[in-house]
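Asks: Got a structure for you, questions after.
The values are calculated or read from the model by the stated rules, or taken from the named source; none is laboratory data. Because the structure is a prediction, the values reported are computed rather than measured. Reconstructed Cβ throughout: ideal geometry from the backbone, glycine too, with neighbour counts over all protein chains shown.
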Amino acid sequence: MEKKVFERPVIKKLSAGMPAKFGLQVRHEPVTQIDGVPIKTLMEEYGSPLFVYSEKKIRQTYKEACRAFSSRYPNVLFAWSYKTNYLNAVCNVFHQEGAWAEVVSGFEYQKALVNGVSGDQIIFNGPDKSKEELELAVQNRSLIHIDHFDELYDLIEIGENSNIKPKVAIRVNMDTGIYPAWDRFGFNYENGEAWDALHRIMHADNLELLGLHTHIGTYIMGTEPYKIAASKLAELAIGLSSKFDHQLQYIDIGGGFASKNTLKGVYYPGTDTAPSFEDYADAITSVLIKANFRHNKLPLLILETGRALIDDAGYLAGTVIATKRLANGQRATILDAGVNLLFTSFWYDHDIRPAKPMSDQTEETAFFGPLCMNIDVIRKNMMYPLLKKGDPYVIQRVGAYNNTQWLQFITLRPNVVMIDEKGETHLIRKKETLQTLNKMESVPDHLKI
């Protein structure tokens with residue numbers, strides 16, 4: 001008979017609740033498969049840790065968002081936010097569904113072109129657009145959202161020297177009750193700066209003003225700020241129509257919709273508190289429909305939703321490296337994925353699930369990554385079943401920002417796979433190797449050994 005490993009007894013705090021005299025039981029139902037493909041099979045073929053995307057879930061979520069807005073407003077367009085996740089396979093799923101590309105750098109702009117997006121279906125946002133990048137966007141007839149006056153002056157000069165009028169909009173920042181206000185981007189509504197920019201564009205004969213844009217913040221957990229934002233953009237648009245007899249083609253309300261992840265420090269889980277697409281759609285479209293736009297002149301509504309469209313479709317599967325006790329007696333579980341791969345763990349209490357059936361016995365557990373850094377904390381404390389070395393786990397809702405903000409730090413970045421609608425797996429990004437890094441470096445001759 002194999003001798004069992006001794007674990008010293010610990011005092012366990014029971015959760016209060018009605019179902020049993022021993023307290024409310026905490027259960028973490030295992031995630032053993034994704035779209036019918038076993039986690040064990042995925043990691044045996046592609047390694048651990050491993051990012052997994054569900055094509056089926058991406059398409060399903062996109063259709064839900066489109067249905068919510070198009071059923072409430074006659075003219076709606078989604079533009080996929082490249083900074084949220086610019087893996088080509090992910091972007092192309094959205095483009096196949098009809099989404100344009102929304103980019104915030106020359107790098108992302110080039111990525112959209114390589115993905116086959118037509119230049120006139122790219123929205124170019126962001127404060128850093130070089131003059132060369134602006135010239136390329138003008139030639140491609142892309143929609144350029146002006147962030148500051150220096151950019152506006154560059155575009156006026158480009159327009160004077162080109163046979164193509166730059167197609168432009170301005171980004172507007174405003175007070176919508178969100179704190180802190182995102183006032184470092186665009187032109188301010190309250191102090192009149194937005195009107196100043198609009199007047200300069202209208203008096204420049206070589207610019208074509210097509211729209212207005214705002215992005216009020218990120219992870220907005222209420223709909224009232226969107227009502228305020230939509231009403232202020234509508235007021236600007238109607239003012240342009242009144243003063244210049246100029247009809248804008250679109251209003252771009254940006255993104256910022258919350259996913260179902262749970263922010264650190266909140267009492268209720270994100271699955272219970274995040275507004276639905278219907279909630280956001282009701283708030284935004286009701287304002288635009290009731291605004292004083294001319295009959296049959298409602299502007300196109302553009303949405304740059306990112307996080308809420310992709311978070312649920314992403315998973316991070318991995319393996320337990322070790323378990324140990326901290327100095328205070330708390331159990332600690334060390335995972336093979338850390339904050340270098342899961343950057344969003346700095347602001348989310350991620351949903352960590354066992355990838356196989358586990359005991360109902362739970363204990364306060366801290367989850368750490370493999371990095372030799374004290375900040376490598378995935379979850380500081382949660383009631384969890386007892387895991388051991390080699391046990392598989394799955395972290396849910398990791399599709400947004402982790403594959404654009406991940407770092408090559410201490411460990412190499414792993415494989416990324418996508419499961420298609422037929423249940424077939426595809427490697428969409430190869431894991432890094434030492435050669436991946438070394439081929440980017442060079443050593444001076446006098447330092448070679």
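Asks: Are there any pairs with C-beta distances below 7 angstrom linking a residue in segment 226-248 that is in the same structural domain as residue 278 (by TED's automatic domain parsing) to a residue that is among the basic types (Lys, Arg), with the two at least 6 apart or on different chains, and if so which?
Replies: Qualifying pairs under 7 Å: 247/297.
Asks: Touching a residue at least 12 places away in the same chain (Cβ under 8 Å) and surrounded by fewer than 17 Cβ atoms within 10 Å (Cβ to Cβ): does that describe residue 427?
Replies: Considered against the rule, which asks whether it is touching a residue at least 12 places away in the same chain (Cβ under 8 Å) and surrounded by fewer than 17 Cβ atoms within 10 Å (Cβ to Cβ), residue 427 comes out as yes.
Asks: Next question, about the same structure. Take residue 17 and decide whether it is in a loop (DSSP other than H, G, I, E, B), touching a Leu at 6+ places or on another chain (Cβ under 6 Å), surrounded by 12 or more Cβ atoms within 10 Å (Cβ to Cβ) and modelled with pLDDT under 65.
Replies: Here the answer is no, as residue 17 does not meet what is asked.
Yes/no matrix, rows are residues, columns are (1) closer than 19 Å to residue 217 by Cβ; (2) in contact (Cβ under 8 Å) with a residue 60 or more places away in the chain; (3) in contact with a helix residue (DSSP H, G or I) (Cβ under 7 Å, 6 or more places away or on another chain):
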{"site": "151", "(1), (2), (3)": "no, no, no"}
{"site": "175", "(1), (2), (3)": "yes, no, no"}
{"site": "178", "(1), (2), (3)": "yes, no, yes"}
{"site": "189", "(1), (2), (3)": "yes, no, yes"}
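Asks: For the list (1) under 30 Å from residue 326 (Cβ atoms); (2) modelled with pLDDT of 95 or more; (3) among the hydrophobic types (A, V, I, L, M, F, W, C), I need the number of the one condition that residue 76 fails.
Replies: For residue 76, the failing item is (1).
Asks: Let me ask another. Just checking, how many residues over segment 341-369 are surrounded by fewer than 21 Cβ atoms within 10 Å (Cβ to Cβ), more than 26 Å from residue 268 (Cβ to Cβ) and under 29 Å from the mean Cα position of the chain (by Cα)?
Replies: 1
Table: residues versus (1) without any contact (Cβ under 8 Å) to a residue 40 or more places away in the chain; (2) part of a loop (DSSP other than H, G, I, E, B).
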{"residue": "344", "(1), (2)": "no, no"}
{"residue": "353", "(1), (2)": "no, no"}
{"residue": "359", "(1), (2)": "yes, yes"}
{"residue": "363", "(1), (2)": "no, no"}
{"residue": "367", "(1), (2)": "yes, no"}
{"residue": "370", "(1), (2)": "no, yes"}
{"residue": "375", "(1), (2)": "yes, yes"}
{"residue": "384", "(1), (2)": "no, no"}
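Asks: Name the strands (runs of 3 or more DSSP E) wholly within segment 275-342 that hold at least 3 residues that are on the phi > 0 side of the Ramachandran plot?
Replies: none
Asks: Have a look at 143, 77, 42 and point out the one that is in the same structural domain as residue 165 (by TED's automatic domain parsing) and among the aliphatic types (A, V, I, L, M). Working first, answer last.
Replies: Values: 77 fails: in the same structural domain as residue 165 (by TED's automatic domain parsing); 42 fails: in the same structural domain as residue 165 (by TED's automatic domain parsing).
On inspection, the qualifying residue turns out to be 143.
Asks: Being surrounded by fewer than 18 Cβ atoms within 10 Å (Cβ to Cβ) and in a loop (DSSP other than H, G, I, E, B), is that true of even one residue in segment 76-94?
Replies: No; the residues of segment 76-94 include none that is surrounded by fewer than 18 Cβ atoms within 10 Å (Cβ to Cβ) and in a loop (DSSP other than H, G, I, E, B).
Asks: Select from segment 309-332 the residues that are hydrophobic (A, V, I, L, M, F, W, C) and in contact with a helix residue (DSSP H, G or I) (Cβ under 7 Å, 6 or more places away or on another chain) and write down the one among them that is nearest to residue 62 (Cα to Cα).
Replies: 309
Asks: Those residues that are in a helix (DSSP H, G or I), over 30 Å from residue 290 (Cα atoms) and among the basic types (Lys, Arg), I need them from segment 27-72; list them, please.
Replies: 40, 56, 57, 59
Asks: Kindly establish whether residue 209 is assigned to a helix (DSSP H, G or I) and either in contact with a His (Cβ under 7 Å, 6 or more places away or on another chain) or surrounded by 17 or more Cβ atoms within 10 Å (Cβ to Cβ) (or both).
Replies: So residue 209 does not fit the description; no.
Asks: Please go through segment 164-206 and pick out each residue that is aliphatic (A, V, I, L, M) and surrounded by 17 or more Cβ atoms within 10 Å (Cβ to Cβ).
Replies: Looking only at segment 164-206, we keep the residues that are aliphatic (A, V, I, L, M), and these are 164, 168-170, 172, 174, 178, 181, 194, 197-198, 201-202, 204.
Matches in segment 164-206: 168, 169, 170, 172, 174, 178, 194, 197, 198, 201, 204.
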